[in-house]
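Everything on this sheet refers to the single structure shown next.
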């Protein structure tokens, strides 16, 4: 990582993550000088080869954030945690972090902030049509920590921006795949689905919808939002809608690997919530089942019209994802203990498939979908 003297100067939080590293690279290519925040020095290795100025800061520390953004022309608040646990930390980073970032911008005279939210903050869609930025959030009753925290983070950041005059532009990426532009980046929540499936460690999937976008298209969407986005507005950065089952089969075909998995019908998410309330243990998180069971279909028409945003074909993104997995696997970066509850469950699924035990389940799922 070398020093650069170009302007403008931008600060990127979450710079060592999957999306954050791609945003850093896109900003560097646009001619910006990038100041990258980090918590763990060990994580900085993923930015090797990119010209950045590293600044240590926890995004929930107001003082550290003010020091990190001081002298910047814009802030890209990409930092966030995808998942359900630990819930307190997820809420702290995803709900309070955006508020603190905009407060730091106002205190240090930074006039523009691009906030990375998520389509989770927009809310789940109807099963038969995509949602857009105008949707009213209605997911609170589902108890999905990540969705609720992302939505809350948007609201808090907008409130601070309205009070202080900071221009806040919100981008909402959908399910992000593709290939990291930097080497050695470990699989994160979205890319882990690809690695788990191709390693035969994904025992089940819910028969619902997701929307998949390439990480490099998301990164370019961030730059466009900075350059063209309207203050106080949000933009969905999505790709193509696809069913989870079809997504995994596409990945398998591209990789030349087909692993069996249980097809969980959509209605099973209500049973998962009841089981969770009763304290029943499961190798698959009940919140993960609930999240996957909700339809996530989205339109990026606003971003296309107002920002000039574009996304590549889904098959290209999946080919990049599979190629990345193969290269990282050959480099030995996917080693893991052979014993785990998920591993045992996956082996049981393979046995059931070998004796024809999954065929009836697939027929039942297809019948439910038609009904």
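Observations, loosely collected:
- Selection status of residue 34, at pLDDT 95 or above, touching a helix residue (DSSP H, G or I) at 6+ places or on another chain (Cβ under 6 Å) and over 23 Å from residue 324 (Cα atoms): yes
- Scan of the range 293-326 for residues that are more than 12 Å from residue 240 (Cα to Cα) and part of a loop (DSSP other than H, G, I, E, B), ordered by number: 294, 295, 308, 309
- Of the strands (runs of 3 or more DSSP E) that lie entirely inside the range 70-179, those containing 2 or more residues that are in contact with a helix residue (DSSP H, G or I) (Cβ under 6 Å, 6 or more places away or on another chain) and more than 30 Å from residue 207 (Cβ to Cβ) span 74-77, 112-116, 167-173.
- A Cβ distance below 6 Å, combined with a sequence gap of six or more or placement on separate chains, defines the contacts here; from the range 237-250, residues that are farther than 17 Å from residue 309 by Cα reach residues that are modelled with pLDDT of 95 or more and part of a helix (DSSP H, G or I) in the pairs 250/318.
- Those residues of the range 237-262 which are touching a strand residue (DSSP E or B) at 6+ places or on another chain (Cβ under 7 Å) and closer than 21 Å to residue 293 by Cβ, in sequence order: 238, 239, 240, 241, 242, 243, 244, 245, 247, 248, 261, 262
- When residue 250 is tested against (1) within 25 Å of residue 133 (Cβ to Cβ); (2) modelled with pLDDT of 95 or more, just one condition goes unmet, and that condition is (1).
- Among the residues of the range 109-133, the one identified as modelled with pLDDT of 95 or more, touching a strand residue (DSSP E or B) at 6+ places or on another chain (Cβ under 9 Å), more than 21 Å from residue 173 (Cβ to Cβ) and surrounded by fewer than 20 Cβ atoms within 10 Å (Cβ to Cβ) is 111.
- Residues that are modelled with pLDDT under 95 and more than 21 Å from residue 218 (Cα to Cα) were ranked within the range 68-88; the one that is surrounded by the fewest Cβ atoms within 10 Å (Cβ to Cβ) is 88.
- Tally of residues being surrounded by fewer than 18 Cβ atoms within 10 Å (Cβ to Cβ), more than 23 Å from the chain's Cα centre (by Cα), part of a helix (DSSP H, G or I) and free of Cβ contacts under 8 Å to residues at least 40 places away in the same chain across the range 15-67: 2
- Residue match in the range 123-142 (condition: more than 18 Å from residue 294 (Cβ to Cβ) and without any contact (Cβ under 8 Å) to a residue 12 or more places away in the chain): yes
- Set 195, 208: member being surrounded by fewer than 23 Cβ atoms within 10 Å (Cβ to Cβ) and under 19 Å from residue 323 (Cα atoms): 195
The values are calculated or read from the model by the stated rules, or taken from the named source; none is laboratory data. Nothing here was measured: the structure is a model prediction, and the numbers come from that model. Glycine gets a Cβ as well: all are built from the backbone with ideal geometry, and neighbour counts include every protein chain shown.
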